[in-house]
Amino acid sequence: MSERVIPLLDLRGGARSITLPPTLGHANGLLNDTRGRPLRDLRISVTDRCNFRCSYCMPKEVFDKDHVYLPQTALLSFEEITRLARLFLMHGVRKIRLTGGEPLLRKNLEVLIAQLAALRTVDGVAPDITLTTNGSLLQRKALALKEAGLQRVTVSLDGLDDRVFRSMNDVDFPVAQVLEGIAAARAAGLGPIKVNMVVKRGTNEHEIGPMARHFRGSGVVLRFIEYMDVGATNGWRMDEVLPSAEVVRRIQREFALVELEPSAPGETAERWGYADAAGRFDPAQGEIGVISSVTQAFCHDCNRARLSTEGHLYLCLFASQGHDLRSLLRAGADDATISAAIAAVWGARSDRYSELRGTLAEPGRTRVEMSYIGG
Ligand code: SAM
Ligand code: SF4
Ligand code: SF4
């Protein structure tokens, strides 16, 4: 069946400027949004470029040779990212995830990681720093990333069948090289490693079993992600979503699973552990996760903010507009002003797209691309 691809609506540069409160109270301190959700997790997109063309994210028909990427001057510099990250940490952020586009395409990324690793949370500890990557450059970079202070990596891999994988990344990239990247990350001590598999019904659903078998007992946590309606270019259709409950059912046909407690509040993945003969979780076999962004919204405790490649703050993966922090930075605003701006934006947050999916009036609604704000 041919895919419906909708042309890219360029939301870059279209961010709202931030209205500062009349008095700059609470420059620091923990924040809650209008639904009582704290700010804990900051995802930073370090590039809008990628060497893959996954059809669900950057379809070739749209991200072709004529696609104009952000110019270098538009990207936040490492110093700008680090300064913003420091201010976010003062507002309660504990975890920083670097993403993209493909984050390992950003030159000297380990320099940024070292700068971020030197920061401290409000509790005086180093932030948890992690990275989501397609794994293509991991073999080359794993050691330098670890030495710079990266703690963990999440690698995206949509199947083990080389033909299926090459067609899903749409640049003919072989599975073997991603597996070598995962091995290099493990050898460098970038663990526990997570592997993300986006499941598309009719495309790679038959890879669920082989992936589960391959990673069971390996120390890698395999997570199945429901194909989401992010952005406006992937021609998303509900009938291509394989609900996570079905993924769990299919794995249970082969292996016994027991449900595990969430690892942290706001954790997106539902965890299932492989069970031993007595029906108890067997740590030696490990666990899987399912991320049910479509069939089971988890907006009620979503504590994630996203900083786009050009310094716009997004409050939701499905937001149609960001808030322009870069303009404040480049206008010479002091820390107190930027900090108050972050507090004002988070304090006014009410986003809960996944909970409202289906009830929203969609026509004319625009959405930012995932390759621009990261996953
Ligand atoms: N390039 C890196 C990678 O692929 O890991 C980082 C950026 S990518 C946008 C982050 C994550 O988003 C990946 O795990 C990817 O599989 C996931 N993703 C992208 N488009 C998606 C979609 N339509 N539905 C579900 N997950 C998606
Ligand atoms: Fe690139 Fe990651 Fe998007 Fe695939 S999912 S196109 S690897 S940014
Ligand atoms: Fe968070 Fe938005 Fe996703 Fe809901 S839809 S979990 S608010 S990013």
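The values are calculated or read from the model by the stated rules, or taken from the named source; none is laboratory data. Since the model is a prediction, treat every value here as computed from it, not as a measurement. A quick note on method: Cβ atoms are made from the backbone with ideal geometry, for glycine too, and the neighbour counts reach across all protein chains shown. The area values use the complete protein model at the heavy-atom level, side chains included, leaving out ligands, DNA and RNA. Shrake-Rupley method; radii C 1.70, N 1.55, O 1.52, S 1.80 Å.
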Requested in this report: Would you please give the residues with an amide H less than 5 Å from that of L307, counting only those at least 5 places away or on a separate chain, with H modeled from the backbone geometry?
Outcome: R43, I44, S45, Y314
Query raised in the report: For labels at V122 and A277 in the simple 7 Å Cα→Cβ model, what's the distance in nm?
Result: 5.1
Report summary line: For the chain, the count of lysine pairs 8 or more apart or interchain whose alpha-carbon atoms are under 28 Å apart comes to 16
Query raised in the report: What list of ³J(HN,Hα) values in whole Hz, one per residue of segment 150-167 in order, does the Karplus curve 6.51 cos²θ - 1.76 cosθ + 1.60 (θ = phi - 60°) give from phi, with Gly and Pro shown as x?
Result: 5, 9, 9, 9, 10, 10, 8, 8, 9, x, 9, 6, 4, 5, 5, 5, 4, 6
**Report entry** Chain lengthening between E261 and L356 when straightened (0.36 nm per residue, less Cα-Cα)
**Finding:** 31.6 nm
Requested in this report: Search the structure for amide H atoms under 5 Å from the amide H of R49, placed 1.01 Å from N in the peptide plane, and list their residues when 5 or more places away or on another chain.
Outcome: E102
Report summary line: With x for Gly and Pro, the residue-by-residue ³J(HN,Hα) of segment 125-137, computed from phi through the Karplus equation 6.51 cos²θ - 1.76 cosθ + 1.60 at θ = phi - 60° and given in whole Hz, is 10, 5, x, 7, 10, 9, 8, 10, 9, 7, x, 5, 10
**Report entry** 5 angstrom amide H check on L260, placed H, neighbours 5+ away
**Finding:** R271, W272, G273
Report summary line: Applied in sequence order to segment 112-119, the curve 6.51 cos²θ - 1.76 cosθ + 1.60 (Karplus, θ = phi - 60°) yields integer Hz couplings, x standing for Gly and Pro, of 5, 4, 4, 5, 5, 5, 7, 6
Report task. For the chain, calculate the relative contact order in percent as a whole number, restricting contacts to Cα pairs under 8 Å that are 6 or more residues apart. Result -> 25
**Report entry** Paramagnetic reach from D301 in segment 337-352 [backbone N under 18 Å; point 7 Å along Cα→Cβ]
**Finding:** 352
Query raised in the report: Counting only DSSP beta bridges with both residues in the chain, what percent are antiparallel, rounded to the nearest 5?
Result: 35
**Report entry** DSSP bridge orientation in segment 134-228 - percent antiparallel, rounded to nearest 5
**Finding:** 0
Query raised in the report: What is the spin-label model distance, in nm, from K107 to L30 if the labels are put 7 Å beyond Cα along the C-beta direction?
Result: 4.2
Query raised in the report: Efficiency by 1/(1 + (r/R0)^6): what FRET value for H67 and A245, r their Cβ-Cβ distance, R0 = 45 Å, to the nearest 0.05?
Result: 0.75
Report summary line: By the Cα gyration tensor axes a ≥ b ≥ c (a/c under 1.5 gives rounded; else a/b larger than b/c gives prolate, otherwise oblate), the shape of segment 55-182 is prolate
Report task. Using a 1.4 angstrom probe on heavy atoms only, work out the carbon and sulfur share of the accessible area of the chain in %. Result -> 53
Requested in this report: Evaluate the distance, in nm, between pseudo-label points positioned 7 Å from the Cα of R213 and of A331 along their respective Cα→Cβ axes.
Outcome: 6.0
